[in-house]
Every structure is written in structure tokens, then in C-alpha cells.
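The values are calculated or read from the model by the stated rules, or taken from the named source; none is laboratory data. Not measured: the values here are computed from a predicted model. Ideal geometry is used to build each Cβ from the backbone, glycine not excepted, and the neighbour counts take in all protein chains shown. Keep in mind that these areas ignore ligands, DNA and RNA; they rest on the heavy atoms of the full protein, side chains included. Shrake-Rupley method; radii C 1.70, N 1.55, O 1.52, S 1.80 Å.
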Amino acid sequence: MATILSLYPGCGSHLLGYENSEIRLALDPRENARGSLERNLDIPTNSADATKFYNRKQKGVDDLLELLGIDGIGDLDILDITTDLENPEDQRRPLNLFDVFGIARRLKPKIVVAFAPLKVAESKNRQRFHSFLDYLRYDHLRKRENRDYFVAFTTIDAGDFGAAVRTRRTMVIAVRCDIAEANNVTSDQAILALLPKTKEATKLREMLGDTSPAERDHWFVETAKNLPLKKAIADLPVSPDQTSILIPTSR
């Protein structure tokens, strides 16, 4: 069973996607988020900001390991991160990627998964964000022959992976080099092949129940996008001999 530390998960709905895993601890300074995690998901929480552990260096690492109940550096399976900050290098505010990547550098988890706003990797920011991820890739930026993680990022939509709503985010996946190479992953680009294939929401039919056609159309758009295709399929005749062919004019 994989052990997980989650940083700033909010209500934690995405944590349900981790199968055969144990969320050992969730750090979130927001009281309502902690209440939701404890009541609904039975996840232990702590109100401390991740920067508290990062800034205290070895003492912070030791405290975090004790809270997680794991033996040492490198034993954590997954570090899960969520941030709403659009500037990944902003170190003056909680929930920033720079400091939480610092937690990754200290704990050396096997896998790091981070969710950030779209803006961090928009076209004008893309190259800068790619360079920013070097902070996670390498222990020393001046010694790039010593790589810690293979790292890649992409844009995902939660509706493409079984969620009931559409939420687009930038997703970062980092796999520690020893784990990656043991599974024949030897480049940043190869990390993207680990993403699951997209699918429509699996629980959509159960969620809809006896709702109106307009409501069904709404949820179809939210999960499968292509409402015109749905309507075209619905308009197909039941019997093939009722099919008619429409030929457009030359205009």
C-alpha cells in the first residue's frame, strides 16, 4: 500500500483517485479544508504550512517524518501537491510550488504529483515554468549530471478522467530516477506515457437519475464535450430503411 503526504488538498476529492494507498497526512492551514478531510475522508491533518517544515531544515524533516510515521528520507511513496498560485516562484505566500518542491527535495519521495493553475504553463510562461522544474529535477542546478527526478507537465481536464465536472489544471508528474529507470522510464517525455487514458465520467448515469433533458445535456457537455454529436446520434432513425441522404447544393 502506497503512503501519501498531501499538501493543501482542499476538500480532497482528488485524493479518492489514489487506489491501494494510505493518505498518512494532509497539511492545510485552512480550517474548513481540514474539517472536510477529517469528517469525510478520515484523513489525519495538520494546520502547519509546508514552509514551516522546509525552513527548519533537518529539524523540520525529522518532525515531518515523525508525523508521517515513516522511517526515513526516500521512504515516502507519493507527495501530492495542490496550489492555486499562478506564479510558481512566489515564495512570500503559503501554498507556493517553490517551497513545496523544497519539501520534495528534503523527503525524496518516489513520486511527486502537483496540480497548479493553467496560467503557470501558458504559452508565454511555458519555457520559464519548464526551467523552474529544474529545481525539482536536480539537487544542484550547477551539477546537472546528477539528476534526482524525471519531470514532465501537461494540461489535463478532470472531466476527461472520470470526474463529473470540467476543471482544467496544469499537472506536474515527477518520478525519482531510481524508480523511473527500474520501470524503463529514462526521459522527461516518457513520464507523460504514465497518464491514464481519458474517459467519460463513469458515474454520470447514476448521478443524473430522473433529471430533465436540459440537465442531461449540461452534464454531457461537462464530461464528454460534444453535445452536437450526442444530438446527431439521437436523431438517427431506428430502422436503417428510414435513413435519408441529404445532398447539399453547389453553393
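Taking the stated definitions as given, is K108 at positive phi and at pLDDT below 90?
no
State which residue pairs qualify: first residue part of a loop (DSSP other than H, G, I, E, B) and inside segment 94-115, second residue among the aromatic types (F, W, Y) in any location, beta carbons under 8 Å apart, and separation of 6 or more residues or different chains.
So the pair list comes out as P94/Y8; L95/Y8.
Out of segment 168-186, which residues are within 13 Å of the chain's Cα centre (by Cα) and either over 20 Å from H14 (Cα atoms) or buried (at least 16 other Cβ atoms within 10 Å of the Cβ) (or both)?
R169, T170, M171, V172, I173, A174
For every residue, the table says whether it meets (1) among the aromatic types (F, W, Y); (2) over 22 Å from L65 (Cα atoms); (3) surrounded by 15 or more Cβ atoms within 10 Å (Cβ to Cβ).
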site	(1), (2), (3)
I4	no, no, yes
G17	no, yes, no
I23	no, no, yes
L27	no, no, yes
D42	no, no, no
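Just name the residue that is modelled with the highest pLDDT out of those in segment 44-69 that are surrounded by fewer than 19 Cβ atoms within 10 Å (Cβ to Cβ) and part of a loop (DSSP other than H, G, I, E, B).
P44
Looking only at segment 76-83, decide whether some residue is at pLDDT below 90 and open to solvent by less than 20 Å² (accessible area, probe 1.4 Å).
Yes, segment 76-83 contains a residue that is at pLDDT below 90 and open to solvent by less than 20 Å² (accessible area, probe 1.4 Å).
Please enumerate the residues belonging to segment 138-167 that are buried (at least 18 other Cβ atoms within 10 Å of the Cβ) and under 26 Å from D178 (Cα atoms).
Residues satisfying the conditions are Y138, Y149, F150, V151, A152, F153.
Scan segment 187-201 for residues that are open to solvent by 40 Å² or more (accessible area, probe 1.4 Å), at pLDDT below 90 and assigned to a loop (DSSP other than H, G, I, E, B) and jot them down.
L195, P196, K197, T198, E200
Is it the case that some residue within segment 1-21 is assigned to a strand (DSSP E or B), more than 24 Å from L85 (Cα to Cα), touching a residue at least 60 places away in the same chain (Cβ under 8 Å) and hydroxyl-bearing (S, T, Y)?
Yes, segment 1-21 has at least one match.
Step by step: first the residues of segment 29-40, then only those that are in contact (Cβ under 8 Å) with a residue 24 or more places away in the chain and either hydroxyl-bearing (S, T, Y) or part of a helix (DSSP H, G or I) (or both), then the one that is most open to solvent (accessible area, probe 1.4 Å). Which residue is that?
Filtering first and then ranking leaves N40.
Based on this model, can you work out whether I233 counts as at negative phi, in contact with a strand residue (DSSP E or B) (Cβ under 6 Å, 6 or more places away or on another chain) and either modelled with pLDDT of 85 or more or assigned to a helix (DSSP H, G or I) (or both)?
no
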